[in-house]
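Structure record follows, encoded as structure tokens.
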Amino acid sequence: MASKAITANRVQDGVTIWVGPDENWVERIADAAVFDDVSAETVLRAVKARGGTGFVVDPYVIEVTTNREGPFPVRYREQIRARGPSVRSDLGLAIDRRPA
Amino acid sequence: MALLLENGAVVTDPWTVLDDAAGSDGIPEGPVIVSLERWQRDRAVLELRNAPLGIRLKSHQLAGEIAADLDRFGLVVLELPKFRDGRAFSTARLLRERYGFTGEIRATGAMIPDQFLFLVRCGVSSVEVPDNADLAVWRHALTEITIAYQAAATADEPLSLLRRRLSP
Amino acid sequence: MTHLGSESHAGVYRYDDVDRQFVFERVEQFRGQVARRLAGTLSEDEFKPLRLMNGLYHQLHGYMLRIAIPYGVLTSRQMHRLARIARIYDRGYGHFTTRQNLQFNWIKLAEAPDILRELAEVDMHAIQTSGNCVRNVTTDQFAGAAADEVVDPRVYAEIMRQWSTLNPEFSYLPRKFKIAITGSLTDRAAIEVHDVGLRAKRGPDGAVGFEVFVGGGLGRTPFIGKPLRDWLPEADLLAYLDAILRVYNQWGRRDNIYKARIKILVHELGLPALRERVEQEFAQIRGPRYRLDPEIVAAINDHFAAPPFAEAAVSVSGSLDRHPELPAFGHWLETSITAHRQPGYAGVTISLKPIGGIPGDLTADQMDAVADLAARYSFGELRVSHAQNLVLPHVREDALFDLWQALGPIGLATANVGLISDIIACPGLDYCSLANTRSIPLAQQIGARFSGPGEQQNIGDLSIKISGCINACGHHHVGNIGILGVDKHGVETFQITIGGKVGTGAALGAVIGPAVAFDQVATVVENLVAVYLEQRQAGEPFVDTVARIGTRPFSEKVYGIAA
């Protein structure tokens, strides 16, 4: 069974976020909670219901693998969301989100 | 549903919508609104009534389809099935500017408050909004922008160049 | 350093109290909408169309703000303000697009109204840079300066900007609507790949009129625009546009987002039937209320009066000191200068394509520096080009050397305009939520392959255009070499076309064979160039060689024996 995480962007400032332990939102994917397929969908529904008044934009489920640092996206698109643009590693954005 | 006029006032709706399926003998007294299909089918009966008649157009039913019959109608209702479907804006302008319709033009359906001013400028005279709508937001939407850069269906005060001041 | 006051000669539409009132009202309207969103009374679905009408997208990394640079004209003051916004509200840089817009990629929603206010203070906005409405009208980056200009298109671009702004009838069209206008013999505005393309020209009596094209566009179903009308009198411009838009608004498809552009309506109805509907509509609305008053045209024309050129500046290009001891200056002159209508002046293109850089990106410091240079050398005026470069439109020829020396230290003296490394690339998967593949890194890799001295100059005119998905923001269809990113089961692959071109006689490129992998693309480009260098005749640019010999020799080189 594939490992899943849940991601979105924060309404206020657009920052990319993931669901962490206790269903709080975290800004580093390494801190994200990992779910199985079924519980990911359950949590997503809960997030959508709870976030209906406008805390997050567009929450959805992604596939992740787990490395030494923690979970990391499988798809390249999600890796770019986690790390920032591949062409601007100098932005200091999420350098610590890089995989080990 | 609440009915808002182009000046932001809330009024009671005197019109009744006639179900397409209802038989000809069951038409209520007073002003009724019929679909374009019903009008085309039952025109002979409807014309005999001695009360105002309104017609309701779906968004793909364009102004030209009722142009020849406009003197029969006191009201034209324009449906916006989605707020993104902007055909009603052209229909309203054509009814006013091309065909000289002076009765009420009412917009109904999936509108957002921020479309209210555009609808009014295109010639719409009332909008039907959900009962839970925040009427203050709808009214405010009429006054947020007071300058326009193009002529439309309503009167305005010309300024220099293409600009004009919208009268509240 | 800066010559204060010189900017008063910049050819730009200057807001008066009425325009200012409008744009500030618009800012406060958006402030209210953002407050409703942050308070949770507006859902994202309800908020989306409102933010899009103000240029605020939700992209891969969050909010992106697209700011209109109307028909590509900027003053030094406005460029300084963009630098300030980049520094305070973003991450210190901005990205110039192919549509004469500027994008900031790291915007906070709560700050967006403040940014719009900062823009309004310098006569700028982000109105209708997105949404299903008439978008930023684009034109020739050398408008008002080019030696081959017949009519100044800025005047009509401004008139159309005003007419389209918050147009009550045409703000919820089936899909977006892009208008481009040129007033020169050479079409630098790519009018044939726009929903409506206009060529301003003069009749036998000198009166201005327009040739009208309709239904051009790229995206997943590319079409070259079709001739709708050969002569439209100036006074009928807005009524005729009203007629086109009204026909489109009523009959354009709304059942399928991919078939909703006017090019599909033109294609499905056929040009004669479309023309008949437009002409019928136009016949009914032409009249005093919708007539473009010549006095209005004259008044707007005054905003674009020529700056006070120095008569004494005359030093015809032939006698220009080319500093032979500095060949780099010679290379830069060859690529960066465009003939000016005023003797002794030149239009200067500043490449935003440094080798290994990101096409179209400019840092806040560079924005400030280039704004100062514009104030000193070009009457405080800058332009943004369709090819994602900047232009100083009016530079004295005897100041070109000083200008070049000043551009070097700020990284803006790359001598590659029009050459193989002057690549148009969409933001791609690095920034865009629609993209299938990256596109910027390919531009970087290809540029690096041709960075040897004299190599690009030897190859000559060659445009490479890269799109990271079928939406074609990188205009790959009309690149001499076009590169389209395609996702194949989660792997980035790239389809290559050759022979496309824009401008007069625009053409769509032909696919040369199966898509190739990310790290093969630069090698494929090298192979295509090698075939060209072998096969070309004297003075023949790449795209003409492709037209003469066909795609087959290129395919054979790239894929081995032809299939």
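Couple of notes before you dig in:
- Listed as lacking a disulfide-compatible partner in chain C: C:Cys133, C:Cys432, C:Cys469, by the criterion of no other cysteine Cβ under 4.7 Å.
- As a length-normalised measure over Cα pairs under 8 Å and 6 or more apart, the relative contact order of chain A settles at 29 percent.
- The charge dipole of region C:172-278, taken about its Cα centre with unit charges on the Cβ atoms of Lys, Arg (+1), Asp and Glu (-1) only, comes to about 520 debye.
- Working from label points 7 Å from Cα in the Cα-to-Cβ sense, the C:Glu28 to C:Ala530 distance is 6.6 nm.
- Given charges at Cβ of Lys, Arg, Asp, Glu: the protein assembly as shown dipole, positive-most of C:Cys473, C:Gln520, C:Gln456: C:Gln520
- Degrees separating the helix A:37-50 axis from the principal Cα axis of chain A, which is the longest one: 80 degrees
- Placing unit charges on the Cβ atoms of the charged side chains and taking the dipole of chain C about its Cα centre, the candidate lying farthest along the positive direction among C:Leu185, C:Pro113, C:Ala510 is C:Ala510.
- Helices in chain C that qualify as membrane-span-like (whole DSSP H runs, Cα extent of at least 24 Å along the helix axis, mean Kyte-Doolittle hydropathy of -1.0 or higher) are C:17-39.
- Estimated FRET transfer efficiency (C:Ala310, C:Val150; beta-carbon r; R0 30 Å; 0.05): 0.75
- Neighbour-limited loop hits for GluC sites (Glu not before Pro), region C:1-109 (at most 14 other Cβ within 10 Å; DSSP other than H, G, I, E, B): none
- Fewest-first ranking of C:Tyr258, C:Tyr57, using other Cβ atoms within 10 Å as the exposure measure: C:Tyr258, C:Tyr57
- Proxy reagent accessibility, fewest Cβ within 10 Å first, across B:Ser125, A:Ser86, B:Ser167: B:Ser167, A:Ser86, B:Ser125
- Positive contributions from Lys and Arg (+1) and negative ones from Asp and Glu (-1), summed over other residues with Cβ under 13 Å from the Cβ of C:Ile423, come out at +1.
- Against chain B, whose longest principal axis comes from its Cα atoms, helix B:36-48 is set at around 60 degrees.
- Only Lys, Arg, Asp and Glu carry charge here, each on its Cβ (+1 for the first two, -1 for the last two); on that basis the protein assembly as shown has a dipole of about 1020 debye about its Cα centre.
- The residues C:Leu412, C:Leu528, when put in order of fewest to most other Cβ atoms within 10 Å, stand as C:Leu412, C:Leu528.
- Chain B - charge dipole about Cα centre, Lys and Arg +1 at Cβ, Asp and Glu -1, debye rounded to 20: 640 debye
- Peptide-level mean, for C:156-169, of C-beta atoms on other protein chains within 10 Å: 5
- Each of C:Val391, C:Pro354, C:Trp231 was placed along the dipole of chain C (beta-carbon charges, centred on the mean Cα), and the one lying farthest toward the positive end is C:Trp231.
Here, each number is a calculation from the coordinates, and none is a lab measurement. Treat the numbers as computed from the prediction; the structure is a model and nothing was measured. A quick note on method: Cβ atoms are made from the backbone with ideal geometry, for glycine too, and the neighbour counts reach across all protein chains shown.
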